[in-house]
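Following: one structure in structure tokens, then a few remarks.
Please treat every number below as a calculation from the coordinates, not as lab data. Remember, it's a predicted structure, so these values are computed and weren't measured experimentally. Virtual Cβ from ideal backbone geometry, glycine too; neighbours counted across all protein chains shown.
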Amino acid sequence: MKKIIDRAETRGHFNHGWLDTNHTFSFANYYNPQRMHFGVLRVLNDDTIIPLEGFDIHPHHDMEIISIPLKGKMRHGDSLNNSDVITRGQIQVMSAGTGIQHIEYNDSDSEDLSFLQIWIFPKTKGTKPRYNNYDITNLLKKNDISLFLSPKSEANINQDAWLSWANLDKGSAKTYNLYGQNTGVYVFVLNGELEIEDLKLTTRDGVGITEASSFEIKALENTEAIFFEVAMN
């Protein structure tokens with residue numbers, strides 16, 4: 001097993017006033033040649049937006065974009081005439097394909113919006129753009145590592161990628177078994193403290209794991225983490 005460790009405090013950090021953001025991988029004004037991507041996982045941004053602010057309309061193409069609200073209300077609008085507001089327990093999945101324009105805003109006038117912005121290189125380029133949002137609450141099990149997005153799920157993705165959410169009580173131990181071939185797993189701790197093969201990770205730490213078919217995890221505190229298993233080629 002090989003591990004690449006990214007501690008929370010080493011991420012690229014910018015506070016733009018309306019947006020407080022941390023970048024695990026190189027993005028916008030943050031450039032680190034040692035942190036360009038993990039396999040096909042290109043962007044892992046940890047964003048907080050103040051009330052009634054957000055990203056104005058902007059384009060994307062040939063990218064799988066997943067937004068995961070952690071707190072607050074996220075408003076989405078796009079050039080396919082979709083308009084939605086989602087909250088924690090829901091995700092939005094957008095295949096930009098040949099091109100799509102969209103906005104992302106904090107829909108609340110009083111509460112911050114916190115969410116993860118994920119970009120994954122697509123398996124096939126030039127596809128028809130599409131968007132949808134999904135309620136994943138019934139998929140998330142206590143004291144388990146719950147798969148909520150995969151190539152074959154309702155909220156499918158145009159890539160060999162499997163996303164899972166761990167919600168573990170202190171002392172809970174689980175085995176993560178990889179789903180794909182030639183894949184690696186990037187584990188991102190949302191909160192708490194996790195141990196993976198004697199490596200301790202705390203809130204907003206991340207680790208990329210390769211050359212393993214499975215690995216053991218243990219929650220040292222009540223912990224939530226997201227597992228991004230992705231193609232490495």
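Some points to look at:
- Shape category assigned to region 41-93 from the gyration tensor of Cα positions, a/c cut at 1.5: rounded
- Relative to one another, the C-alpha centroids of region 38-65 and region 198-233 are positioned 22 Å apart.
- Straight-line cross-link reach from Lys128 at under 24 Å between alpha-carbon atoms covers these lysines, not counting any fewer than eight positions away in the same chain: Lys152.
- Relative contact order (%) - criterion: Cα under 8 Å, at least six apart; region: region 1-142: 26
- Sequence of Lys123, Lys141 once ranked by neighbouring C-beta atoms within 10 Å, starting from the fewest: Lys141, Lys123
- Of all lysines in the structure, those lying under 18 Å Cα to Cα from Lys142, and not within fewer than 8 positions of it along the same chain, are Lys170, Lys174, Lys218.
- Most mobile of Asn29, Asn167, Asn143 in a GNM of the chain (Cα contacts under 10 Å): Asn29
- Trypsin sites (Lys or Arg not before Pro) restricted to region 1-109 and DSSP loop, no more than 14 other C-beta within 10 Å: Arg7
- Listed residues Ile49, Ile68, Ile103, most fluctuating in the chain (Gaussian network, C-alpha, under 10 Å): Ile103
- Whole-Hz ³J(HN,Hα) from phi, Karplus 6.51 cos²θ - 1.76 cosθ + 1.60, for region 205-217, glycine and proline x: 6, x, 9, x, 10, 10, 6, 8, 9, 6, 7, 9, 10
- Global form of region 152-205, assessed from the alpha-carbon gyration tensor, a/c cut-off 1.5: prolate
- Shape call, region 11-137: gyration tensor on alpha carbons, a/c limit 1.5: oblate
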